[in-house]
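Data block below; observations after.
The values are calculated or read from the model by the stated rules, or taken from the named source; none is laboratory data. None of these values were measured; they are calculated from a predicted model. No Cβ is skipped: glycine too gets one built from the backbone with ideal geometry, and neighbour counts run over all protein chains shown.
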Amino acid sequence: MDDIDKKILALLQKDCTLPATEIASRVGLSATPCWRRIQKLEEEKFIRSRVALLDSVKLNVDVTAFIAVRTNQHNRAWLDKFEKAVSDMDEVVDFFRLSGDIDYLIRVALPNIKAYDAFYKRLIEKVDMSDVNCMFAMETIKSTTELPLHYAETKLR
């Protein structure tokens, strides 16, 4: 990973549809070496996938709920069941295991409170939890898929 790779990744994070020739021009390379770098970044899994970011309002899923879960079940069988149940629910867009007072945090995208209630009922049917607390986002102040690249180690090629 060098500074040119970081520049390539920064451009791709903003718009993964940019042609290699355009990326090459912006980072000061010719097209072929730039394309090779992009392929290597993909092979080495720095680039996990290329996706389209969709508009939640137009798709009627503009209610964001954060669900904090505590459990008294700290065993592999419960964890496997919980991970499968949550991962299989389409509304779930982020799912984290945490340190601290909260064991898990789930972010869901829904059209309304009624849909959250239906989601909640499906979730508690599948898995026992000791405490579930939901918070609804009132406003999105910042949301990005772009990772900070200044922490990536720079090495000579």
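Brief remarks follow.
- Look at (1) touching a helix residue (DSSP H, G or I) at 6+ places or on another chain (Cβ under 8 Å); (2) at pLDDT below 95 and you find that L11 fails only one, number (2).
- The single condition from (1) closer than 30 Å to D117 by Cβ; (2) in contact (Cβ under 8 Å) with a residue 12 or more places away in the chain that A10 fails is (1).
- Count - residues of region 28-48 that are under 18 Å from the mean Cα position of the chain (by Cα) and at positive phi: 1
- Looking across region 54-107, the residues that are in a loop (DSSP other than H, G, I, E, B) and closer than 20 Å to E125 by Cα come down to T71, N72, Q73, H74, N75, D88, M89, D90, E91, D103.
- Selected residue (only one of V92, V69, V86, V132 is surrounded by 10 or more Cβ atoms within 10 Å (Cβ to Cβ), outside the structural domain of D15 (by TED's automatic domain parsing), in contact with a helix residue (DSSP H, G or I) (Cβ under 6 Å, 6 or more places away or on another chain) and modelled with pLDDT of 95 or more): V92
- Within region 1-30, restricting attention to residues that are of a type in the set (G, A, S) and assigned to a helix (DSSP H, G or I), the residue that is nearest to T154 (Cα to Cα) is A10.
- Residue match in region 31-53 (condition: β-branched (V, I, T), assigned to a helix (DSSP H, G or I), within 19 Å of C134 (Cα to Cα) and at pLDDT 95 or above): no
- Candidates A20, A31: the one that is more than 19 Å from H150 (Cα to Cα), surrounded by 14 or more Cβ atoms within 10 Å (Cβ to Cβ) and touching a Cys at 6+ places or on another chain (Cβ under 6 Å) is A20.
- Output for region 34-54, where each listed residue is in contact (Cβ under 8 Å) with a residue 12 or more places away in the chain, under 15 Å from L11 (Cα atoms) and not β-branched (V, I, T): C34, W35, R37, L41, F46, R50
- Criterion (within 20 Å of the chain's Cα centre (by Cα) and aliphatic (A, V, I, L, M)) met by exactly one of I141, I124: I141
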